[in-house]
Every structure is written in C-alpha cells, then in structure tokens.
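Below: one structure, written as structure tokens.
The values are calculated or read from the model by the stated rules, or taken from the named source; none is laboratory data. Worth saying up front: this structure is predicted, and the values here are computed from it rather than measured. Positions of Cβ are backbone-derived with ideal geometry, glycine not excepted, and every protein chain shown enters the neighbour counts. These accessible areas exclude ligands, DNA and RNA; they are computed on the full protein's heavy atoms, side chains included. Shrake-Rupley method; radii C 1.70, N 1.55, O 1.52, S 1.80 Å.
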Amino acid sequence: MRYAKRGPLRFTSHRDFARAFERALRRAGVPVAFSQGFTPHPKISYASAAPTGVASEAEYLEIGLREPVEPTQLRMALDAALSPGLDVLDAVVATGGSLADRIEASRWRIELPEVDPDVAVKAVAAFTAAEEVLVERMTKQGRRTFDARGAVIVIDVDGAPATPSGAPAVPCAILELVVRQVTPSVRPDDVLSGLRVVAGLEPPVAPKVIRLAQGTLTAQGAIVDPLDADRDGATIGGR
C-alpha cells in the first residue's frame, strides 16, 4: 500500500501513524492476519518511513490478511477510517519479494523560504563539487559523522519562480533531490547540514520538506513505484 502524510499530519511520528493505522484497520473491519505467540500483533511491515515533520506522497507498507479483499475497496475503507492528511493512495496484491528491497532511492522537494535562489545555486554548486561532505547527526547508536554527499544522485535548484507552500508572496529557493538508500540513511536535513558546511547556507526559517517518490532507481535516474511490479494482482489475500 502507498499512503501520504500531508499538511499538519506531517508532524505525526511513525509510532503515532502505526497506532492510527491499526485503529483504522479495526474500524474498517479489515480481516488482518496476526502473528503467533503470547503477544499476537497485526502483520504490518513498514518500508523506509519519512522522518517526523516531513510531508510525503510516497510512504509504503505491507499487511497480511486472513482472506481475499478487493484492493480498491480496501484502499477506500482505510482512507475513510484515517484522519484527513493521512491518505491511503494505492493498494495492490503483493506477488512476491520484499517491498523494502524495491526501495533504492527517494525523490525530495525542499522549500527554503526567504532564501535567494541565486544563493542556493552557488551552495548547490559547492556541494556538488565536493568529493565528500561530512556532517554529524544523533542516531540510535549515538552521535555519528558520515558523508552526506555520496548518497546524493541529483541536487538541483528549481529555476521557476515560486513561493513556499502556504506562504503566498514570499519568494524562496526550491531544491530537488534524489538520494540513494544507504546505511546510515542520508536525509534531507543532512543535505541541508552539508550545504551549511560547504557554503554557509542558513535558511532563516524552517524549510518544508516533501518526499515525492521512492522506489527502484533506473539507469536514467528515474524512480519506479515499487508497487508497479504487482499491478496485475486482482485481490489481496492472506499469506
């Protein structure tokens, strides 16, 4: 399944979404399968969830069901059971293989209100020219230093005049990124840290980050929806 996090609901943490999704399954009467053992839990697997505060049009999960369900009906029932802003966009039968293995890269849009696009262009040029851009981030294993440059396949400044979402008449620079899945993961805020390191770029207000797509990366740099391989399925059933 593919779902979106939009508007204020982008501040929903992954744990909060997981709880909301399990409640939606119950409200929609979905025949979800459960694990075995002393503490059974719904068979739900999430793939590469976006960080809290980041909007997304391309979040993915898998669920196991006890009996066949028509995909469109399932999508509509779950979408109706979730709050507006947590939107179920697509559902297909999983025909085999791991969903996580089909996610190699993500495409991002970063809006930088009150940043001159010409300044952003110079910062991006410095970032692109660098062989390595070291940044620090706190992880579950403690503070780590890693290269934010190596995972970035594409980084560009959108040349079209624009204003940030929800803030009419305020010009801003807009970055478009394609970032490869690596370990540790390189997130948009890491790229922004890298731009600060190489060019001193400091957005005066908080950026707005949107994940536009994630999936398999082609040789031409395009991203293929990981659900495309399953489009021929007619029903979703238990496994």
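What the table below lists for this structure:
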item	result
Farthest toward positive dipole pole in the chain [+1 Lys/Arg, -1 Asp/Glu at C-beta], among V133, L212, M76	M76
Normalised contact order of the chain, rounded percent, pairs of Cα under 8 Å and 6 or more residues apart	27
Percent of Cα-Cα distances greater than 29 Å, calculated over the chain	35
Along principal axes, Cα extents of segment 24-101, largest first, whole Å	35, 27, 27
Where the chain is the region considered: accessible area per residue in Å², 1.4 Å probe	51
Cut-off under 5 Å, modelled amide H: who pairs with Q214 long-range	R107
The chain, accessible surface, carbon-and-sulfur percent (1.4 angstrom probe)	52
Under-5 Å amide H pairs with I153, H placed in peptide plane, nonlocal only	V178, V179, R180
Using alpha-carbon coordinates, inclination of helix 188-199 to the longest axis of the chain, degrees	10
Over the chain: helical MRE at 222 nm, DSSP H runs n ≥ 4 each giving -39500 (n - 2.57), nearest 500	-6500 deg cm²/dmol
Set of lysines near K140 by C-alpha distance (under 26 Å), chain-local residues within fewer than 8 positions excluded	K5, K43, K208
³J(HN,Hα), Karplus 6.51/-1.76/1.60, whole Hz, each residue of segment 96-109, x for Gly, Pro	x, x, 7, 4, 4, 5, 8, 10, 10, 7, 10, 9, 10, 10
Estimated translational D of segment 1-131 in µm²/s (Stokes, Kirkwood radius over Cα pairs; 10 °C; 1.306 mPa s)	94
